[in-house]
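The values are calculated or read from the model by the stated rules, or taken from the named source; none is laboratory data. It should be emphasised that the depicted structure is a prediction, and the values quoted were computed from it without experimental measurement. Here the Cβ positions follow ideal geometry from the backbone for every residue, glycine too, while neighbour counts run over all protein chains shown. Areas reflect the complete protein model, heavy atoms only, side chains present, ligands, DNA and RNA absent. Shrake-Rupley method; radii C 1.70, N 1.55, O 1.52, S 1.80 Å.
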Amino acid sequence: GGTRRSSRKADRPAKSVKLTPGDSDAPDAYNLIFTNDQWYAFLRQHQILCDRLFQIYTYNTAVVEQELKDRKNRKEPIAQAIKMRQPNPMPVEHYYTHFLSLVKDLLDCNVEPAVYEDKLREMFGVNSYIAFTLDKLITNIVRQSHTLATDTMCNQIKTSYLKQRALGGAGGSLSTQNSRVSVETNYLKDSEVLLSEHNLYKIYFYKQGSNLTIELLDGEQTDETETEEAARTEEAGRNTATNEKGESMDTSAS
């Protein structure tokens with residue numbers, strides 16, 4: 001059961017805000033969407049997938065850089081020297097591409113899960129565990145995308161987002177966020193009416209750091225002042241930039 005809200009009518013639509021050219025392409029750009037459980041589940045799982053892929057990619061990049069430095073001077077591993085195992089004939093530069101091929105083969109049932117995991121261990125060692133269940137994650141995302149495409153409410157949420165995007169109420173540059181407070185608040189009020197019988201999530205996507213923040217609303221958010229809303233959004237953007245320097249995108253993937 002979802003969260004029940006009062007069925008108050010939405011305020012008169014706010015005037016649209018003219019987006020500054022390149023606003024959505026600015027380094028500090030963000031997107032805002034209000035969603036239900038189904039959209040939340042899809043976006044969260046998609047974030048997890050992207051995060052896991054990014055972690056594997058980042059680790060492989062580091063391995064390649066180290067390999068290029070040490071290739072000429074590295075001694076033969078003892079295990080290979082005594083013939084305990086055959087050396088991996090694949091250059092480390094091809095590991096990530098091969099990894100993506102293995103995921104596709106796993107999804108197509110062309111490779112056994114145990115073989116898939118063994119091949120990942122050969123390439124990524126102990127760091128490979130985050131990719132062991134990617135097939136299940138991708139399968140869940142595909143199923144969830146089918147729900148989004150066929151469910152009436154999910155399509156209404158998408159239509160509402162596109163409408164608000166055109167009005168300037170669904171994101172832009174953090175540096176000009178104050179100019180969008182009115183239309184973003186109106187977007188929230190419209191969403192509370194649309195999702196009056198459902199859970200309501202407020203989701204921000206930040207370009208800087210490729211981060212995503214999710215908040216489950218209680219239906220009383222419009223009682224806050226517009227100034228408080230703008231300040232919180234700006235602070236979240238600053239935190240995103242700060243966290244980018246020191247964190248290792250759960251990103252994603254959980």
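Listed values, structure above:
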{"quantity": "Extension reserve of the residue 57-residue 178 stretch, reckoned as 0.36 nm per residue once the Cα distance is removed", "calculated": "39.9 nm"}
{"quantity": "³J(HN,Hα), Karplus 6.51/-1.76/1.60, whole Hz, each residue of region 90-107, x for Gly, Pro", "calculated": "8, x, 4, 4, 9, 4, 5, 4, 5, 4, 5, 5, 5, 4, 5, 5, 5, 5"}
{"quantity": "Virtual spin-label span in nm between residue 213 and residue 140, 7 Å along Cα→Cβ", "calculated": "2.5 nm"}
{"quantity": "Environment charge of residue 150, counting only residues whose C-beta is closer than 14 Å and scoring Lys/Arg +1, Asp/Glu -1", "calculated": "+1"}
{"quantity": "Probe 1.4 Å, all protein chains present, accessible-area order of 109, 50, largest first", "calculated": "109, 50"}
{"quantity": "Net charge of Cβ neighbours under 13 Å - reference residue 112; Lys, Arg +1; Asp, Glu -1", "calculated": "-4"}
{"quantity": "Out-of-range pairs (alpha-carbon distance over 30 Å; input 136/202; 136/189; 69/119)", "calculated": "136/189"}
{"quantity": "Cut-off 12 Å between beta-carbons: net charge of the residues surrounding residue 132, Lys and Arg +1, Asp and Glu -1", "calculated": "+1"}
{"quantity": "Residue 129 paired with residue 98, simple spin-label distance in nm, labels 7 Å along Cα-to-beta-carbon", "calculated": "2.3 nm"}
{"quantity": "Solvent-accessible area of residue 90 with every protein chain in place, 1.4 Å probe, in Å² to the nearest 10", "calculated": "50 Å²"}
